[in-house]
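K.L.:
Here it is, the structure, as structure tokens.
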Amino acid sequence: MIKTACAYVRVSTDKQEELSPDSQIREIKEYAARNNMLISKIYVEEHGISGKNASKRPAFQEMIATCKEKSHPYDVVLVWKFSRFARNIDESTYYKSILRKKCNVDVQSVSEPIIEVCMDV
């Protein structure tokens, strides 16, 4: 089954080592192709917008609003790294929770896979 995805791309304001927007998009597209995902829209923040405050990121706000639509346009939000989604841990947790629980949309990093851990009780 093919999943419908959107991509979110942001370049940080600080001088850390990271991929350019074009490189992030290329890696996200390659990941989507390998994992039966069709990207229907790519949301890109203007260069230099900080990830610390979601209310100051217009592309992010547009993406969240679209994810909340009743038409359920996306099954997954793809990011290059989770830090591109949000730098503030509280906001990251808040938005991921809303997307997962209320919109049935997962957030996936194409470079940082989540490892499922089973714990014996």
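K.L.:
Can you tell me which residue in the stretch 45-82 is surrounded by the fewest Cβ atoms within 10 Å (Cβ to Cβ), limited to those that are of a type in the set (A, V, I, L, M), farther than 16 Å from residue 111 by Cβ and modelled with pLDDT of 95 or more?
P.N.:
65
K.L.:
Right, here's the next one. If you check residue 91 against the conditions, is it of a type in the set (Asp, Glu), under 23 Å from residue 11 (Cβ atoms) and assigned to a helix (DSSP H, G or I)?
P.N.:
yes
K.L.:
Taking residue 33 as the residue in question, decide whether it is small (Gly, Ala, Ser), at pLDDT 90 or above and in contact with a strand residue (DSSP E or B) (Cβ under 6 Å, 6 or more places away or on another chain).
P.N.:
So residue 33 fails the test.
K.L.:
Given the condition buried (at least 19 other Cβ atoms within 10 Å of the Cβ) and in a loop (DSSP other than H, G, I, E, B), answer yes or no: does some residue in the stretch 18-39 qualify?
P.N.:
no
K.L.:
Being without any contact (Cβ under 8 Å) to a residue 24 or more places away in the chain, more than 15 Å from residue 98 (Cα to Cα) and of a type outside the set (Gly, Ala, Ser) is true for just one of 58, 21. Which residue is that?
P.N.:
Result of the check over 58, 21: 58.
The values are calculated or read from the model by the stated rules, or taken from the named source; none is laboratory data. None of these values were measured; they are calculated from a predicted model. So basically every Cβ, Gly included, is an ideal-geometry build from the backbone, and we count neighbours across all protein chains shown.
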